[in-house]
Amino acid sequence: MKTLLGSFLLLLGASATPQESGPASPAAPAGHRALELEGFRVHVDLRLLEVQRELGASALQELENQLYRLRRVVPEGPLEKLRAVPLFLGVEDEHGRHPCACYHPSREWLVAHGYPAEKERSVDIANAANFVAWTREVQPWMVLHELAHAYHHQVLGHEHAELLQAFEQARASGRYDAVLYARGDRQRHYALSNPQEYFAEGTEAYFGTNDFHPFVRAELKEVDPALHALLEKIWR
């Protein structure tokens, strides 16, 4: 794993240039600088590089750490598809809709709500401070969660029959109605929100650590064997 500190300090120098993946790489949108971290394209808000440098350094370090861990556990085939998803790192959501991170599937929605169309099919870490705080508290695999949304949308499709069936079975079983949360209380599992969150939450537990029980892969296999088996097939 390359150290971020050295590359970040270089970026602050007058002669610094972002690391490019090749001549065909798209230019960074206005107000951003394009970096490459662990093979992922990241568009960083210039304010995090030029004004709020301490916050920018912390957020980039956390992001690189998560991408490094992700790279170690996701098989090469799916990993290459995840690397095709651009990421944005910003200071805060100017419209107040996204307190931390999200995936943007729709250009039409972005334009209608005042967001740049370039964020279509990207993971948007909209609030750097919340990203650093929340990932250190209870969501250490947040980036994987959002990239799982991209994989669901772009690779599997939201009409994936086996996934929809597993979600309906899990919802009907009641096993996710009141589960242990990372802070020690019991909550309705976020996976019950919809099939997309069911897949992303399960992926966190399968590869890393989720903030809702089942927290890790062995617990997922015990609690929801159908989802575990499906993820084993999807992510191979």
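Couple of notes before you dig in:
- Placing +1 on the Cβ of every Lys and Arg and -1 on the Cβ of every Asp and Glu, with nothing else charged, gives the chain a dipole about its Cα centre of roughly 360 debye.
- Its alpha carbons give the chain an Rg and a Dmax of 18.0, 59 Å.
- For the chain, built as a Gaussian network whose Cα springs stay under 10 Å, the top-fluctuating residue of Leu35, Leu110, Leu70: Leu110
- Rounded Å value of the spacing that divides the Cα centres of the stretch 71-116 and the stretch 168-235: 22
- Pairwise Cα inverse-distance average, inverted: Kirkwood Rh of the stretch 158-234 (Å): 12.1
- Rounded tilt (10° steps) of 53-73 against the dominant C-alpha axis of the chain: 50
- The chain - share of DSSP beta bridges that are antiparallel (%, nearest 5): 70
- Zero-based 5 Å bins, Cα pair distances in the stretch 73-155, whole percents: 3, 15, 25, 24, 18, 11, 4, 1
- The stretch 80-127: Rg to Rh, with Rh as the Kirkwood radius over Cα pairs: 0.96
- Over the residues of the chain, the helix contribution to mean residue ellipticity at 222 nm works out to -14000 deg cm²/dmol, using -39500 (n - 2.57) for each DSSP H run of at least 4.
- Most to least packed among 130-142, 176-188 [average Cβ atoms within 10 Å]: 130-142, 176-188
- Ordering 148-161, 79-92 by mean Cβ neighbour count within 10 Å, with the highest value first, yields 79-92, 148-161.
- Which of Val44, Val73 has the fewest Cβ neighbours within 10 Å, and the rest in rising order: Val73, Val44
No lab work stands behind these numbers, since they all come straight from the coordinates. Computed from a predicted structure; not experimentally measured. Using ideal geometry, Cβ is built from the backbone for each residue, glycine included, and neighbour counts are taken over all protein chains shown.
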